[in-house]
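Trainee: Below is one structure. I have some questions about it.
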Amino acid sequence: MAEATTTPKKAPSKAPKAANKSDKRLFAVFATGGKQYRVEVGTKVKIEKLIGEFKEGDSVTFDNVLMTDNGASEATLGAPFIKGGAVTGTITKIGRNKTIDVIKYKQKSRYFKKYGHRQPFFEVRVDSIK
């Protein structure tokens, strides 16, 4: 009678992947509308407030760049903004988000108020970072 032998399965390796040079991407952090956004070239970001008249397809430039980083060892920090720094993008969509309900309620006093609004947004595709 022959004995059946089994080979033990190897456990998957938990070692981190080696970083490729293509993984290191340029990113920037800019401020607009009272918020800060971290973006890379080609990413889309939803921005709540833009002052001025815009339509889909328009180009916008954000001058309030707080930080840029190329992923390696070069990071540029502003104090508070980087002089000459800019993030340019194209507006791809203008719309309004889902309804946000605001409710005020006081128990035992028959007080109930319900308000709602839809916050407008601009979806911007980032074209370049300087």
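Only the coordinates and a few stated rules stand behind these numbers; no lab work does. Given the structure is predicted, the values throughout are model-derived calculations rather than measurements. Glycine also receives a Cβ, built like all others from the backbone with ideal geometry; neighbour counts cover every protein chain displayed.
Trainee: Please tell me if PHE112 is closer than 30 Å to LEU26 by Cα and not basic (Lys, Arg).
Mentor: no
Trainee: Out of the residues in region 71-80 meeting the condition of being of a type in the set (A, V, I, L, M, F, W, C) and without any contact (Cβ under 8 Å) to a residue 24 or more places away in the chain, tell me which one is surrounded by the fewest Cβ atoms within 10 Å (Cβ to Cβ). Let's see the steps before the verdict.
Mentor: Taking region 71-80 first, the residues of a type in the set (A, V, I, L, M, F, W, C) are 72, 75, 77, 79.
Keeping just the survivors that are without any contact (Cβ under 8 Å) to a residue 24 or more places away in the chain gives 75, 77, 79.
Values: ALA75: 11, LEU77: 11, ALA79: 7.
If we take residues in region 71-80 being of a type in the set (A, V, I, L, M, F, W, C) and without any contact (Cβ under 8 Å) to a residue 24 or more places away in the chain, then ALA79 is surrounded by the fewest Cβ atoms within 10 Å (Cβ to Cβ).
Trainee: Another question about this same structure. Condition first: among the hydrophobic types (A, V, I, L, M, F, W, C) and assigned to a strand (DSSP E or B). Now tell me which residues in region 79-104 satisfy that.
Mentor: VAL87, ILE91, ILE94, ILE100, VAL102, ILE103
Trainee: Please work out which residue is farthest from ALA31 (Cα to Cα), limiting yourself to region 89-105 and to residues that are free of Cβ contacts under 8 Å to residues at least 40 places away in the same chain and among the aliphatic types (A, V, I, L, M).
Mentor: Ranking the candidates gives ILE103 first.
Trainee: Here is a follow-up. Scan region 100-120 residue by residue and report those that are exposed (fewer than 10 other Cβ atoms within 10 Å of the Cβ) and among the polar types (S, T, N, Q).
Mentor: Once the filter is applied, which keeps residues that are exposed (fewer than 10 other Cβ atoms within 10 Å of the Cβ) and among the polar types (S, T, N, Q), region 100-120 yields GLN107, SER109.
Trainee: Among the residues of region 32-62, how many are touching a residue at least 40 places away in the same chain (Cβ under 8 Å), surrounded by fewer than 12 Cβ atoms within 10 Å (Cβ to Cβ) and either within 9 Å of the chain's Cα centre (by Cα) or not in a strand (DSSP E or B) (or both)?
Mentor: Count: 1.
Trainee: Could you list, in sequence order, all residues of region 106-129 that are in contact (Cβ under 8 Å) with a residue 60 or more places away in the chain and of a type in the set (Lys, Arg)?
Mentor: Within region 106-129, just ARG125 meets the criteria.
Trainee: Another question, if that's okay. Report, by residue number, each residue of region 63-78 that is among the charged types (D, E, K, R) and part of a loop (DSSP other than H, G, I, E, B).
Mentor: ASP63, GLU74
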